[in-house]
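Here's the structure we're looking at; comments come further down.
The values are calculated or read from the model by the stated rules, or taken from the named source; none is laboratory data. Every value quoted in this text rests on a predicted model; they were computed, and no experiment measured them. Because the Cβ atoms are built from the backbone with ideal geometry, glycine has one as well, and the counts that use them run over all protein chains shown.
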Ligand code: CP
Ligand code: NVA
């Protein structure tokens, strides 16, 4: 109910929470912070709520409306690896919701042995409303979150990239109008991005195919866990990229050597040579198929210039959507309903 005397920020929050009656009324009363370390930390309904809020906030943003939902709130970002999109889209998203950001490296934070994980997490979370972390070790984020008094968001680890996958769902939905039944084909490595996309697909009724060279597939443990949690998951692995893209709605690729695998670059170039997304491969896909890449891209390796710069490419829509998704995620996580 809108009452006189509300600040504009309160009015914006009230208006937004009224628009989204599916925001869980008890969610924010929980004493334990909610973390987003893997998409498994969300229910499928929660995932859809985040997408809906992000889409609504994006439409408002495009119309010049930037509701100040998080005035005085603090985002701390602690990264161990470089980042253009994730770090800056999170910071921009938080700032244009009215909050402020702190950035530090894991080494500056003392996670290189200066202090225990418990002590760093306890102290940093006492200054923050939400913390994002980009690390090599996935376990480090899990351990940090156990001692954090505020939500911790995985900004990429060696095993997962949940915010990229959420953004990609937003982009796919914008492009195709719906998620369920859509076929996403990832041509490349069974890595953090493709694993998160496989989970995202299972949670939204999408079909997911990984076209991958032998030796770089998803591990059996990952697939068994995915199928245990989502028995209807329509997830496949094949070794022939042309066969895979023939029925693709979206053809997705990522670097062959992820951050931390630089020493394997030459070996991977040999192994992934036949998995380059070039004009010839895109011709095997339906004309309506769109090309996706989380970026940064190694042009000339996993993708050629004609594809990434071509008519079917939506990579910069994906990159822009990182910020819109982040705004939706922060609003969902931190706004009192
Ligand atoms: N896609 C993505 O996470 O990009 P950055 O590594 O630049 O953050
Ligand atoms: N798989 C890539 C994703 C970069 C956004 C990496 O981990 O380096």
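Overview of values
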read-out	value
Extreme residue, farthest from residue 304 (Cα to Cα), among residues of the range 183-194 that are in contact with a strand residue (DSSP E or B) (Cβ under 7 Å, 6 or more places away or on another chain) and surrounded by fewer than 24 Cβ atoms within 10 Å (Cβ to Cβ)	183
Residue list for the range 99-116, restricted to those being more than 16 Å from residue 151 (Cβ to Cβ) and surrounded by 17 or more Cβ atoms within 10 Å (Cβ to Cβ)	106, 109, 111
Residue match in the range 137-153 (condition: within 16 Å of ligand 1 (Cβ to nearest atom) and under 14 Å from the mean Cα position of the chain (by Cα))	yes
Enumeration of residues in the range 195-224 that are crowded, with 24+ Cβ neighbours inside 10 Å, part of a helix (DSSP H, G or I) and without any contact (Cβ under 8 Å) to a residue 40 or more places away in the chain	195, 198, 201
Among residues of the range 305-325, those that are within 21 Å of residue 258 (Cβ to Cβ) and surrounded by fewer than 19 Cβ atoms within 10 Å (Cβ to Cβ), counted	1
Test: residue 300 is at pLDDT 95 or above, within 13 Å of ligand 2 (Cβ to nearest atom) and out of contact with any helix residue (DSSP H, G or I) (no Cβ under 9 Å at 6 or more places or on another chain)	no
Any hit, the range 63-72, residues being away from ligand 1 (no atom under 16 Å from the Cβ) and part of a helix (DSSP H, G or I)	no
The one condition in (1) within 16 Å of ligand 2 (Cβ to nearest atom); (2) under 22 Å from the mean Cα position of the chain (by Cα); (3) crowded, with 16+ Cβ neighbours inside 10 Å that residue 268 fails to fulfil	(2)
Top-ranked residue in the range 254-286 [being touching a residue at least 12 places away in the same chain (Cβ under 8 Å) and farther than 13 Å from residue 301 by Cβ; ranked as nearest to ligand 1 (Cβ to nearest atom)]	259
Close pairs from the range 156-172: first at positive phi, partner within 10 Å of ligand 2 (Cβ to nearest atom) and not in a loop (DSSP other than H, G, I, E, B), Cβ under 7 Å, at least 6 apart	156/86; 156/134; 156/192
Residue 227 being within 16 Å of ligand 2 (Cβ to nearest atom) and either in a helix (DSSP H, G or I) or touching a helix residue (DSSP H, G or I) at 6+ places or on another chain (Cβ under 6 Å) (or both)	no
Segments classed as helices (runs of 4 or more DSSP H), wholly inside the range 240-297, with at least 2 members that are closer than 27 Å to residue 163 by Cβ	241-245, 265-272
Residues of the range 179-194 satisfying the condition of being out of contact with any helix residue (DSSP H, G or I) (no Cβ under 9 Å at 6 or more places or on another chain) and without any contact (Cβ under 8 Å) to a residue 40 or more places away in the chain	181
